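Some notes on the structure that comes next.
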Amino acid sequence: MWYTGSGDSGKTKVPSKGEVWKDDDVVEALGNLDELNASLGIISSLYPQLFDLIYKIQDDVFVISSEIAGFNLNFSEEKIKELEDLIAKFGGEIKPLRNFVLPGGHLASSFLHLSRAICRRAERSVVKIMREGKARDVHVKYLNRLSSLLFVLALWINEKSGNPNVIWKRFG
């Protein structure tokens, strides 16, 4: 069966909280993280060269979601260092950025920009529940670094694929 109907009343179950309304802050954060993972899946489909990296990131996002839902999976600060190393690696392969850029160029780059925006929304929602003791600071730090990595990867894909990054110039 592909549905249960148990959520038809506007409530759902979260292991860490029991039955809650679907507009609960924890449910909102979990939904934002789910949306982030879905958008990352598009990128790995569009740019298979990054499949392994994106898959690892998706796993990390699932672990964060699982911890917020109430399972202790020992998500650690080491994950943040891994992202910082990736930012340095991919950032070192592209020209320095001197202007604001608009999302565009290669389709995968555009989706990376979209994923970055979703990641930032997820981060804001996790900050909200962290302040209430329902998420850990390491979750927020990871999402903060992840948004930076997604930005760098968007620029990197454009450079590697020969698509210029779209420099923002005020219209008119």
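Every number here is computed from the coordinates shown, using simple stated rules; none is lab data. As the structure is a computational prediction, the values presented were derived from the model and not from experiment. Cβ sites come from the backbone with ideal geometry, for glycine too, and all protein chains shown count toward neighbours.
For the range 4-18, the condition holds for no residue, the condition being that it is surrounded by 14 or more Cβ atoms within 10 Å (Cβ to Cβ), in contact with a helix residue (DSSP H, G or I) (Cβ under 7 Å, 6 or more places away or on another chain), over 23 Å from GLY70 (Cα atoms) and not aliphatic (A, V, I, L, M).
Identify all residues within the range 134-172 that are surrounded by 15 or more Cβ atoms within 10 Å (Cβ to Cβ), over 16 Å from PHE90 (Cα atoms) and touching a residue at least 40 places away in the same chain (Cβ under 8 Å); write none if there are none. Matches in the range 134-172: LYS134, ALA135, ARG136, VAL138, HIS139, LYS141, TYR142, LEU143, ASN163, VAL166. In the range 34-42, is there at least one residue being of a type outside the set (D, E, K, R), assigned to a helix (DSSP H, G or I), over 15 Å from the mean Cα position of the chain (by Cα) and exposed (fewer than 14 other Cβ atoms within 10 Å of the Cβ)? No, because not a single residue in the range 34-42 is of a type outside the set (D, E, K, R), assigned to a helix (DSSP H, G or I), over 15 Å from the mean Cα position of the chain (by Cα) and exposed (fewer than 14 other Cβ atoms within 10 Å of the Cβ).
Between LYS56, LYS22, the distinction of being basic (Lys, Arg) and within 20 Å of the chain's Cα centre (by Cα) belongs to LYS56 only.
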